[in-house]
């Protein structure tokens, strides 16, 4: 077939792209395991199709012409998209296994996440879940690029994020105040006044649960002593189990945490709310596991 302006030989384009990337015919030939004359001939055919020279000689080197620089930029995009396509096909659900790529924001309670994801395992087919943790803005960018199927967050998407996502409010729950048996026994009789000056183990200041708790305490003119604050909720629970202070947990995740860390509830605040959200890139959800997650409210029965 003779080359023409409405037909592009991508095999020839790839050879050109590799030569441009490696900077010489010799290095490109070694990379491709072909002879230099073979590469040179295919680049000449590409130049004939374009009607323009893509390389020019400067001393012993082949240098890209202005047309060559333009073609190189497009080739970078073409082969980058090709790589993304292959990755997407590898991640595409098959009839035998369903792959679900989940992003969880930094402070999302992992025990709540476990409950929210349970409907994905009840679809009657094998499911492979891949969980990634990160900053909300980073996860939303991955969602928009279709590298994630769903993002679980403990607050709505920020107005500062310039990427359109669809927020599915999964529900909300009140909060429980928990501590070791000894500390809980001393704080329970006069709750919530007993919290004033009591040692508190709190999430870091930018965590949604921390903001909700501080608002609740401030409204009651209560000021605990912040003994420690954490970006890692698991470490916070470990220190609570050692009696270093009380912690505040969403009621939806408390039962497993109480059992695992041998903590006791000494107070409840139904008006200190923790909310949970799922973000998707599309309004109309096609992924069956994402549909099951966003429609299920079973996990809320634990609150």
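Since every read-out is calculated from the coordinates, none of them should be taken as a lab result. Values in this document were obtained by computation on a predicted structure and should not be read as measured data. Here Cβ is always computed from backbone atoms with ideal geometry, including for glycine, and neighbour counts include all displayed protein chains.
Under a Gaussian network description of the chain, with springs only between Cα atoms under 10 Å, the residue in 158, 275, 253 that fluctuates furthest is 158.
Taking the radius of gyration and the Kirkwood hydrodynamic radius from Cα positions alone, what is the Rg/Rh ratio for segment 93-303, to two decimal places? Intermediate values should be presented prior to the final figure.
Working: Rg = 18.2 Å, Rh = 18.0 Å.
For segment 93-303, the value is 1.01.
Equivalent ellipsoid of segment 99-197: semi-axes from √(5λ) of the C-alpha gyration tensor, largest first, are 34, 19, 11 Å. Looking at the chain alone, DSSP beta bridges between its own residues are antiparallel in about 60 percent of cases.
In the elastic network of the chain, a GNM with C-alpha springs shorter than 10 Å, the most mobile of 23, 197, 245 is 23.
When a footprinting reagent is the concern and you count Cβ atoms within 10 Å, what order do 226, 127 take, fewest first? Please report the intermediate quantities before stating the final value.
Values: 226 14, 127 18.
Exposure proxy ranking, most exposed first: 226, 127.
For helix 10-22, what angle does its Cα long axis make with the longest principal axis of the chain, in degrees from 0 to 90 and rounded to 10? Rounded to the nearest ten degrees, it is 80. Relative contact order of segment 10-90, taken over Cα pairs closer than 8 Å and 6 or more residues apart, is 26 percent.
Cα centroids of segment 150-165 and segment 68-84: 31 Å apart.
Kirkwood-based Rg over Rh for segment 102-146 (C-alpha set), two decimals?
Details: Rg = 11.8 Å, Rh = 11.6 Å.
That ratio equals 1.01.
Per the helix-only calculation at 222 nm, which mean residue ellipticity applies to the chain, given -39500 (n - 2.57) for every DSSP H run of n ≥ 4 and division by its residues, nearest 500 deg cm²/dmol? Please list the in-between numbers first.
Values: 11 runs with 126 residues, N = 303.
When only DSSP H runs of four or more count, the value is -12500 deg cm²/dmol.
Entry note, the chain: relative contact order of 20 percent, from Cα contacts under 8 Å with a spacing of 6+ residues.
From the C-alpha coordinates alone, can you work out the Kirkwood hydrodynamic radius of segment 10-90, in Å? Averaging 1/r across every pair of different Cα atoms and inverting gives 13.1 Å.
Largest mean-square fluctuation among 123, 249, 70, in a Gaussian network model of the chain whose springs join Cα atoms under 10 Å apart, belongs to 70.
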